[in-house]
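> For reference, the structure I am asking about is given below.
The values are calculated or read from the model by the stated rules, or taken from the named source; none is laboratory data. Bear in mind the structure is a predicted one, so any value in this text is a computation, not a measurement. Here the Cβ positions follow ideal geometry from the backbone for every residue, glycine too, while neighbour counts run over all protein chains shown. Just so you know, the surface numbers come from the protein's heavy atoms only, side chains and all, with ligands and any DNA or RNA stripped out. Shrake-Rupley method; radii C 1.70, N 1.55, O 1.52, S 1.80 Å.
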Amino acid sequence: MLKLKSATVTKLFGYEGNDYTVEFFPNETITFVYALNGTGKTTLFKLIYAALKRQISLLNSIDFE
């Protein structure tokens, strides 16, 4: 089984410096992701989901590199 180790998104919402990397720890039961409200946590996970499910229309609807 393949396991996702990390995910990186740069220029989220088109802004320079809006770069995020989420590290997943496959041997742990839970991974916490925390940041200020409105910084893109939910959007980051939408992008990961869309990439894994090959939902190109969702990927195209969010501004990132």
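> When averaged across all projection directions, what area in nm² does the alpha-carbon convex hull of the chain cover?
Values: hull surface 19.6 nm².
That works out to 4.9 nm².
> Measure off, as a whole percent, the carbon and sulfur share of the 1.4 Å-probe accessible area of the chain, all protein chains present.
After summing per-atom areas, the C and S share lands at 55 percent.
> Between the helical axis of 41-53 and the dominant principal axis of the chain, each derived from Cα atoms, what acute angle in degrees is found, rounded to the nearest 10?
In the chain, helix 41-53 runs at an angle near 70 degrees to the longest axis.
> Right, here's the next one. How far apart, in nanometres, would the label points at residue 52 and residue 6 be if each is projected 7 angstrom from Cα along the Cα-to-Cβ direction?
1.8 nm
> Hey, another quick one. Would you work out the relative contact order for the chain, in percent, from Cα pairs under 8 angstrom that are 6 or more residues apart?
Normalised by residue count, the contact order of the chain is 36 percent.
> Using 0.36 nm times the number of residues separating residue 37 and residue 59, minus their current alpha carbon distance, what extension gain do you get?
Full-extension gain reported as 5.7 nm.
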